[in-house]
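The structure appears below as structure tokens.
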Amino acid sequence: MEIHRLIEEIYEEMVGWRRKLHEEPELSFEEHQTAAFIYDKLTEFKLDRVDYVCETAVVALLNGGKGAGKCLAIRADIDALPVTEQTGYAFASRRDGLMHACGHDGHVAILLATAKILAEHRDSFKGCIKFIFEHGEEKFPGGAKALVHAGVMEHPHVDSIIGLHIVPSDECGRIRIKSGPVAIGCDVVNVKIRGKSGHAARPHEAHDALLASCQYVVALQQIISRNIDPKNTEIISVGTLNAGTAVNIIADHARLSMNVRSYDIASRDITKRKLYDIADGIGKITDCAFELEYVDGYEPTINHEGVAELVADACRKHLGGDSVEIGDYDLGSDDFSYYMNATGTPGAYFFLLAGYEGGGRYINHHPRFSWKEAAMKTGVGAYLAVVNEYLR
């Protein structure tokens, strides 16, 4: 398979797909038009099976012509964000307040191009490839959990899974990968505190929910400094705190919400337990009742060493020795982790360094987020390289 030639032949078509998707973004779990576009293209490519799953996700199967073998899954997320675009693109979003501000339009185009090329060259590999176009990655609980529960990692059983994510960068056209943690886990915690109201001049007759909430926020920070191994990254960020109704009234209620982010599952479990322990202790001290809602979000994405090495070696072999950067992890979160953690499937998630357009580099989710479409060539090349090596 002549990877570079095949990519050049499909490039303009791939750019067209990306721009169409960019103009017509859809929010998480509402990707009906996007899913229909993907379904129609995969059907046109004559894959062996194409299915809607969970209403707005699409999963397709392609069997190799060289007989039985392993099953490799490749995943792309398809949803957009509630962001008002400010890129100035000629193909900017035509939907007010919606934007593909995280590169998912590119992810879809890359995987569609990969599927088309491989469908035309199915006799070059054995085993099968499962293409997963995931809905709802941007919104808890994410689409991966529903897809796994719907059985996408079985029938046939997936032996390994890979995926990529576009990031704007000072260079364009390389992949960044490493074994171990590559994307941080993210949970949400909502806390309600109920006290007893009273006059500001008679605090001894009240139970101050505002004071209790402040004590709780401060006490949380000792979880990181005194309970978590310093070698492990753990983050607790309180984002909202609301309490009280008037300057001369002791607050009888408070609400706060926070993110808990973890690269280590054991540390995540410690933090979760301590959040409840501290709430119980401060509740007793202040005579206030704490109610915690811990929303399990995305677990840390931890690359399997063997699969990460396979991706890196395959890219060096087929795309050139300078196509790979062994780089650090990312502070974002992604439910790609669920495919691996919930099923025990080895996998690798890597980053596509995609440059940027315009006068400055803006990170994912920014209204001026941009990247160079030429980077998609490397994305397709990476997928084809892995297929060449894994399904030989």
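The values are calculated or read from the model by the stated rules, or taken from the named source; none is laboratory data. Predicted model, so just to flag it, every value in this text is computed and none were measured. When the accessible area is computed, the model is the full protein with side chains, heavy atoms only, and any ligands, DNA or RNA have been set aside. Shrake-Rupley method; radii C 1.70, N 1.55, O 1.52, S 1.80 Å.
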Residue-level accessible surface for Arg122, protein heavy atoms, 1.4 Å, Å²: 60 Å²
Overall Cα dimensions of region 129-171, principal axis frame, Å, largest first: 41, 25, 12
³J(HN,Hα) computed for each position of region 80-85 - Karplus, 6.51 cos²θ - 1.76 cosθ + 1.60, integer Hz, glycine/proline x: 10, 10, x, 10, 8, 5
Note, ³J(HN,Hα) from phi for region 168-180, Karplus 6.51, -1.76, 1.60, rounded to Hz, x at Gly and Pro: x, 7, 6, 10, 9, x, 10, 10, 10, 8, 7, 7, x
On Cα atoms only, tilt of 104-120 relative to the major axis of the chain in degrees: 30 degrees
Mean-position separation - Cα centroids, region 218-248 and region 76-119, in angstrom: 35 Å
Over region 294-392, equivalent-ellipsoid semi-axes from the Cα gyration tensor in Å: 24, 23, 10
Helix 209-227 axis, angle to the chain major axis (alpha carbon atoms, nearest 10°): 50 degrees
Distant-in-sequence amide H partners of Ala354 (H built 1.01 Å from N, under 5 Å): Val167, Ser169, Gly173
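With respect to the cross-link table entries Lys41/Lys139; Lys66/Lys178; Lys231/Lys272, which display a Cα-Cα separation exceeding 21 Å? Before the final figure, lay out each step's value.
Details: Lys41/Lys139 26 Å; Lys66/Lys178 31 Å; Lys231/Lys272 18 Å.
Lys41/Lys139; Lys66/Lys178, as the Cα separations exceed 21 Å there.
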Paired Rg and Dmax values of region 1-49, which use every Cα atom, in angstrom: 13.2, 38
Carbon/sulfur fraction of accessible area - the chain, other protein chains in place, 1.4 Å, %: 49 percent
Cα long-axis angle, helix 375-390 against the chain (0 to 90 degrees, to the nearest 10): 70 degrees
Long-range amide H partners of Gly198 with built H, under 5 Å: Ile250
Volume per residue of the C-alpha convex hull in region 32-159, rounded to whole Å³: 105 Å³
Residues whose placed amide H lies under 5 Å from that of Leu27, excluding near-sequence neighbours: Ala80
